[in-house]
Amino acid sequence: MLILGLESSCDETGVALYDTEDGLLAHALHTQVAMHAEYGGVVPELASRDHIRRTLPLLRQVLNQAGRTLEDIDAVGYTQGPGLAGALLVGASIGAALGYALKVPTIGVHHLEGHLLSPLLEPTPPAFPFVALLVSGGHTQLMEVRGVGRYQLLGETLDDAAGEAFDKTAKLLGLGYPGGPALSHLADLGQTGRFKLPRPMLNSGDLNFSFSGLKTAVLTLARNQPDDEQTKADIACAFQEAIVEVLTAKALAALKQTGLGRLVVAGGVGANRLLREKLNAKIVRRGAEVFYPKLEFCTDNGAMIAYAAAQRLKFGTPAVEGFGVRPRWELDELEAVS
Ligand code: KG4
Ligand code: ZN
């Protein structure tokens, strides 16, 4: 079966074709970063309008790449939520229109389920069950995953998400939008040990996180330091070390609590080099395994949506009638299918 995946929940238009026999055939992405950079963050109305402009050209591109035509598509998966309502409506209406015209089912995919299952696109995918560390711009969660749709929340952030903390701290340091990758690059130029920032909730005894205080600590620190490039890099380095230490410690604690031996890391912050380095070292020491999606599938993309739709179809999730979107949608509200 050939599944078309459409992602339009925020500032990236992603389109992909996934074949249940042959795997991922083609994918294409348009990022709106340059358009929103001028405003220092995502402008929802501009995001929606751009998704409208980009989706069909990207669809033609992936069909050409895969050597397939519209008529070859057996089902359409689109991101139904969570995300920006207007942006979601673009993918949902195009998905529903295609489904109707081609007389194929349309599957409304949960964006975080897409992220969570994205490491399964890799040549050596993790087997169920596993612990998932979901670290994106909007979410920071630890989940116990026993199958498709069988997700149990173990812990989550009480305030800012990890990606949000990276973005806000980057803004404080004058790095613009989106801040995560820029802050991470700057941190690599910094000197370890010059500054030490708090590790929020490191010893809270549960699997929850809190990152808003870290951003405030950076603000206070930056105000009392000279405004030179090396100082900025050293602050970025201290911030990255603090957040990575907390994420790593809690991910390991989740493995211990569940007794599981596999960790999956997904979402944009999963692209962070230091996080990968620390997790790899600590996980190996414990005799456990860690799995990541390819770097390009850490951030938003159509491939993870096509894949999640394929899994849902395989296990008989009913097709969506009409094209409703769910801008707010908790992952553990999903129905188990495997
Ligand atoms: O998963 P994603 O593409 O979008 C959401 O669903 O939110 O994640 C985007 C987030 C942003 O906050 C971005 O700054 C962060 O992931 N990010 C990073 C890195 N690359 C992206 N954060 C830290 N280090 C990176 N290398
Ligand atoms: Zn995402």
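The values are calculated or read from the model by the stated rules, or taken from the named source; none is laboratory data. Predicted model, so just to flag it, every value in this text is computed and none were measured. Cβ: placed from backbone, ideal geometry, glycine included. Neighbour counts: every protein chain shown. Heads up: the accessible areas ignore ligands, DNA and RNA and are worked out on the full protein's heavy atoms, side chains in. Shrake-Rupley method; radii C 1.70, N 1.55, O 1.52, S 1.80 Å.
Values computed for the structure shown
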| quantity | calculated |
| --- | --- |
| Test: residue in the range 134-155 that is open to solvent by less than 20 Å² (accessible area, probe 1.4 Å), more than 28 Å from Leu17 (Cα to Cα) and more than 16 Å from the chain's Cα centre (by Cα) | yes |
| Residue count, the range 273-290 (criterion: out of contact with any Phe, Trp or Tyr (no Cβ under 8 Å at 6 or more places or on another chain) and within 15 Å of ligand 1 (Cβ to nearest atom)) | 6 |
| Residue selected from the range 262-318 under the condition of a type in the set (Phe, Trp, Tyr) and part of a loop (DSSP other than H, G, I, E, B), by the criterion surrounded by the fewest Cβ atoms within 10 Å (Cβ to Cβ) | Phe315 |
| Residue in the range 127-144 that is assigned to a loop (DSSP other than H, G, I, E, B), at positive phi and at pLDDT 95 or above present | no |
| Residue count for the range 255-272, restricted to those that are away from ligand 1 (no atom under 11 Å from the Cβ), among the small types (Gly, Ala, Ser) and under 10 Å from the mean Cα position of the chain (by Cα) | 0 |
| Count of residues meeting criterion [open to solvent by 10 Å² or more (accessible area, probe 1.4 Å) and either outside any helix (DSSP H, G or I) or of a type outside the set (D, E, K, R) (or both)] in the range 213-236 | 13 |
| Inter-residue pairs, beta-carbon under 6 Å, first basic (Lys, Arg) and in the range 305-331, second part of a loop (DSSP other than H, G, I, E, B) and surrounded by fewer than 23 Cβ atoms within 10 Å (Cβ to Cβ), 6+ apart | Arg328/Pro82 |
| Near pairs, Cβ below 9 angstrom, 6+ apart or cross-chain, from the range 96-108 (free of Cβ contacts under 8 Å to residues at least 24 places away in the same chain) to any residue that is open to solvent by less than 20 Å² (accessible area, probe 1.4 Å) | Tyr100/Thr106 |
